[in-house]
Amino acid sequence: MKRTALLLALLIAGTSSAVAAPKPLEVKKLTLIAVNQSAEKLVISGKTLVTVANTDGLNSNILLTGLDVNGVQLWQKTIDSGVDEVALAAATDPLGNIWLAGASSKVVAPESATAQVQAENSDGVVLEPITQLRGDMNVLTLWKVSSQGELLGTYSSAQSAPALINAISVNASGVSIAGTMQDKPFIQSANSQGVFGKAISIGTTKTTLNAIVRHADGTLSVFGTSSETLGGKKLAGVRDGVLIKVSKTGALATVVRSSAPKADRSWLAADSTLALTGFVKTGKVIETAFTKFTSAFAPTWTQRVTSLGTSAVVSAGNTTYGAFNTTSLFAWKPGTPSLALVAFDSKGVMTAAYGSSEITEPIALVYSKDFGLVGLARSTSQTLSLFKVA
């Protein structure tokens, strides 16, 4: 987890117009269902919650843990190829397979050496084994895993430098990732058999891509932040949130900027229905924005809440759930940074609110009919906790 924390950077974000101010709601308590000190990602596969962690030892490996609805461990599997590997993003495909995206180091071929003459060792000195140097993690890697944690395939693409992967999206035709390589944003896709296509670069070091969505027609939607001109659209604030449509051929088809004068904005996360979240920072005021967009990037509704910046979003039918960290929500005032969860209907009206002072920053939200809404968050003791709506 420490290794991944060094690789990952938390960014700040934002959004646009708004519906009517929400009516005061009772903030109900979230239910904590498990504590997992090493979990970094969370997905649902069938009737199993799966957490993803990165462990460190002689080699860094990937640890997957399957849990039931009460947080009871069903199985635990390790991906260990003998070299360093780290998972940075996770998602499931329509068949319930888990796709992990990350980085690994090359398998080093054994050196051919001349035979060594055994030296005399009259004093009986025992030599310590020589620790091999770790290789650079320059291999962009996808792992396909079953709902029971069995490794089904490993697909790799050697790069000139390590890739920092911020997001992954999977559908029936393949997988796409968004991230940064050598400080520049990129998109990479592979088909369902793990065959990589050509990487796509978008912008320069002044642009960051935080979320990606694959569409059935072969296009991609990418979201993030930028302080440079993209697709002919110039900067309007300090930093603007950006919504980018990429064509099937890899060209920038549409760029929409979410901006405000003197505001620092970025989109942090998105789901397949184009529900987005990010934050807006104007001076010392920070708000989290939740916005539902059409496929043409037209907002259908927007709500903003006072926050500390970190947020997550997921849709379940006509309901959109948003999690964020804050020190107050309606009459609930925990005093210290705590996690709040709100539910929006199809028109963006806030219909329910939840909170817990035992957890702080949201990391992931997932939903299924079997589990309902489940989330992964950092706790006040800096461990990680799973939570759900009771």
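The figures follow:
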| quantity | calculated |
| --- | --- |
| Residue with peak Gaussian network fluctuation, the chain [Cα springs, cutoff 10 Å], from A343, A298, A275 | A298 |
| Average accessible area per residue (Å²) across the chain - probe 1.4 Å, nucleic acids and ligands excluded | 48 Å² |
| Exposure ranking of K198, K144 by accessible area [1.4 Å probe, largest first] | K198, K144 |
| Order of exposure, largest accessible area first, which applies to L339, L25 with probe 1.4 Å | L25, L339 |
| FRET efficiency estimate (nearest 0.05) - Cβ-Cβ, Q76 to K184, R0 25 angstrom | 0.10 |
| For the range 210-275 and the range 29-102, distance of Cα centres in Å | 29 Å |
| Order of exposure, largest accessible area first, which applies to I244, I200 with probe 1.4 Å | I200, I244 |
| Under the Debye formula (equal points on every Cα, no solvent term), log10 I(q)/I(0) of the range 315-361 at q = 0.21 Å⁻¹ | -0.66 |
| Hydrodynamic radius by Kirkwood, which averages 1/r over all alpha carbon pairs of the chain, in angstrom | 21.9 Å |
| Pairwise Cα inverse-distance average, inverted: Kirkwood Rh of the range 241-369 (Å) | 15.3 Å |
| Fraction of accessible area attributable to carbon and sulfur, the chain (%, probe 1.4 Å) | 53 percent |
| Convex hull volume of the range 135-280 per residue (C-alpha atoms, cubic angstrom) | 120 Å³ |
| Under the Karplus curve 6.51 cos²θ - 1.76 cosθ + 1.60, θ = phi - 60°, whole-Hz ³J(HN,Hα) for the range 27-32, x wherever Gly or Pro sits | 8, 7, 7, 6, 9, 7 |
| Mean Cα-pair separation over length for the chain, i.e. relative contact order, pairs under 8 Å, 6 or more apart, % | 17 percent |
| Computed accessible area, L329, all protein chains, 1.4 angstrom probe, square angstrom | 10 Å² |
| Euclidean distance between Cα centres, the range 141-186 to the range 311-347, Å | 29 Å |
| Size descriptor, Kirkwood hydrodynamic radius, that averages inverse alpha-carbon separations across the range 15-101, Å | 15.4 Å |
| Magnitude of the charge dipole, the chain, Cβ model with Lys/Arg +1 and Asp/Glu -1, debye to 20 | 1840 debye |
| Principal axis dimensions, the range 297-390 - Cα atoms, whole angstrom, descending | 38, 30, 24 |
| Low-density loop positions, trypsin sites (Lys or Arg not before Pro), the range 28-83 - DSSP coil, at most 15 other Cβ in 10 Å | K47 |
| Extended-chain gain in nm, criterion 0.36 nm per residue less alpha-carbon gap, Q382 and D68 | 110.7 nm |
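The values are calculated or read from the model by the stated rules, or taken from the named source; none is laboratory data. The structure displayed is predicted, hence computed values, not measured ones. All Cβ positions, even for glycine, are placed from backbone atoms using ideal geometry, and neighbour counts span all protein chains on display. Note: areas computed on protein heavy atoms with side chains; ligands, DNA, RNA excluded. Shrake-Rupley method; radii C 1.70, N 1.55, O 1.52, S 1.80 Å.
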